[in-house]
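Here the structure comes first, spelled out in structure tokens, and everything after it is commentary.
The values are calculated or read from the model by the stated rules, or taken from the named source; none is laboratory data. These numbers come from a predicted model, not from an experiment. Ideal geometry is used to build each Cβ from the backbone, glycine not excepted, and the neighbour counts take in all protein chains shown. To get the accessible areas, we keep the full protein, side chains included, count just its heavy atoms, and leave off ligands, DNA and RNA. Shrake-Rupley method; radii C 1.70, N 1.55, O 1.52, S 1.80 Å.
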Amino acid sequence: MAILHLIGDQDDPYGIVSTLTGAGPAGSYLALSHVASDIDQRAVAEAREQVSSFMAVKVTFRGRAEVARFFDGLDLAEPGMVRVQEWRPRTEAEAATPSALWCGVGGKL
């Protein structure tokens, strides 16, 4: 959860996730959340600058399509890949909480 943005494209995050999911047995799941580059873009850009100023590791925020690639070959559980506040919220207030994260759960068949 919220870790893949710390793995830059040069370190092949898709290959890392593919290796991990490939090693799991049928019936296992990948659950992830990822900071979005395409939700509230101005606020996210400001956050990236702030975080990058005090972290040794540069962050890589990704858009919906880029995050969806982590689930390639997996069967997405309902409600699919959505904004984190839309993942089975218990209340309307929870669903309305702003967040700039994509999330999903994919099962290995």
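Here is how the numbers come out for the structure above:
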{"quantity": "Members of the stretch 31-58 that are in contact (Cβ under 8 Å) with a residue 12 or more places away in the chain and open to solvent by 30 Å² or more (accessible area, probe 1.4 Å)", "calculated": "31, 37, 38, 40, 43, 47, 48, 57, 58"}
{"quantity": "Helices (runs of 4 or more DSSP H) within the stretch 1-83 that include 1 or more residues under 27 Å from residue 95 (Cα atoms)", "calculated": "41-54, 64-68"}
{"quantity": "Looking only at the stretch 1-28, and only at residues there that are of a type in the set (Val, Ile, Thr) and farther than 14 Å from residue 61 by Cα, the one that is least open to solvent (accessible area, probe 1.4 Å)", "calculated": "17"}
{"quantity": "Where residue 64 falls short, out of the listed (1) of a type outside the set (Phe, Trp, Tyr); (2) farther than 21 Å from residue 38 by Cα; (3) modelled with pLDDT of 95 or more; (4) surrounded by fewer than 17 Cβ atoms within 10 Å (Cβ to Cβ)", "calculated": "(2)"}
{"quantity": "Residue 77 at pLDDT 90 or above, over 13 Å from the mean Cα position of the chain (by Cα) and aliphatic (A, V, I, L, M)", "calculated": "yes"}
{"quantity": "Members of the stretch 82-109 found to be among the hydrophobic types (A, V, I, L, M, F, W, C) and either surrounded by fewer than 16 Cβ atoms within 10 Å (Cβ to Cβ) or out of contact with any Leu (no Cβ under 9 Å at 6 or more places or on another chain) (or both), listed by number", "calculated": "82, 87, 93, 95, 96, 100, 101, 109"}
{"quantity": "Per-region count, the stretch 6-21, residues free of Cβ contacts under 8 Å to residues at least 12 places away in the same chain and over 26 Å from residue 109 (Cα atoms)", "calculated": "2"}
{"quantity": "Odd one out for residue 65, checked against (1) touching a residue at least 12 places away in the same chain (Cβ under 8 Å); (2) closer than 19 Å to residue 21 by Cβ", "calculated": "(1)"}
{"quantity": "Meets criteria (open to solvent by 40 Å² or more (accessible area, probe 1.4 Å) and within 21 Å of residue 16 (Cα to Cα)) for residue 75", "calculated": "yes"}
